[in-house]
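Please treat every number below as a calculation from the coordinates, not as lab data. Model, not experiment: these values are computed from the prediction. In this analysis, Cβ positions are derived from the backbone assuming ideal geometry, glycine residues included, and neighbour counts consider all displayed protein chains.
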Amino acid sequence: MQELLKAGLEKTQRIVVEKWRTIAFLGEDCRVYSTPFMLHDIEVTSHELIKRCQSEGEDSVGMSATVNHLAATPLGMWVDLAVRITAVSGRKVDLEFECCDASGVVANGVHSRFMVNMEKAARQIRSKAEQYT
């Protein structure tokens, strides 16, 4: 049975900070979980949470995100990324998240996603691509 999309639903995912998820510009000794990859992981985890509540032919896309990256997580450590739905308003889904490593909170913030009809979205994307490429 499909779960109802509502405030309070949560998902936590443990992520190991592998080399491809780290920054390189500070050198090999300072490889830490990068903010862009953290945002990617926030989006993926949020998408997976919402996906379990979607109807056939629906999906969600990111609208906005505010990430407060508070502390570094070194290469090889893990982070627990917890996302929670705070509000559902029509097709808009608001979430909050917290990212913790063994030392405590390393990031928090908010993320919004929008529910789309995949057939309609595909038509719109094809039309734009044909018009501008």
- Query: With respect to Phe25, is the statement that it is over 17 Å from the mean Cα position of the chain (by Cα), farther than 30 Å from Arg123 by Cα and outside any helix (DSSP H, G or I) true?
  - Reply: yes
- Query: Given the residues Ile50, Ile42, which is the only one that is under 19 Å from Leu4 (Cβ atoms) and either assigned to a strand (DSSP E or B) or touching a residue at least 40 places away in the same chain (Cβ under 8 Å) (or both)?
  - Reply: Ile50
- Item | Tabulated pairs, segment 1-22, first acidic (Asp, Glu), second crowded, with 19+ Cβ neighbours inside 10 Å and not in a helix (DSSP H, G or I), C-beta under 7 angstrom, 6+ apart or interchain | Glu10/Val83
- Hits in segment 8-23 (condition: within 16 Å of Phe37 (Cα to Cα) and either touching a His at 6+ places or on another chain (Cβ under 7 Å) or basic (Lys, Arg) (or both)): Arg14, Lys19, Arg21
- Which of the residues spanning segment 57-67 are exposed (fewer than 14 other Cβ atoms within 10 Å of the Cβ) and not in a loop (DSSP other than H, G, I, E, B)? Val61, Met63, Ser64, Thr66
- Task: Kindly provide the set of residues from segment 5-39 that are of a type in the set (Gly, Ala, Ser) and either farther than 19 Å from Ala102 by Cα or surrounded by fewer than 11 Cβ atoms within 10 Å (Cβ to Cβ) (or both), ordered by number.
- Result: Ala7, Gly8, Ala24, Gly27
- Please determine, by comparing only the residues of segment 77-127 that are of a type in the set (Gly, Ala, Ser) and in a strand (DSSP E or B), which one is farthest from Tyr33 (Cα to Cα). Ser89
- Message: Looking only at residues that are over 13 Å from the mean Cα position of the chain (by Cα) and of a type in the set (Gly, Ala, Ser) in segment 80-106, which one is nearest to Glu43 (Cα to Cα)?
- Response: Ala87
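Residues are listed down the side, and each one gets a yes or a no for (1) farther than 19 Å from Arg14 by Cβ; (2) exposed (fewer than 15 other Cβ atoms within 10 Å of the Cβ):
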| residue | (1), (2) |
| --- | --- |
| Val79 | no, no |
| Ala82 | no, no |
| Asp94 | yes, no |
| Phe97 | no, no |
| Val106 | no, no |
| Val110 | yes, no |
| Arg113 | yes, no |
| Asn117 | yes, yes |
| Ser127 | yes, yes |
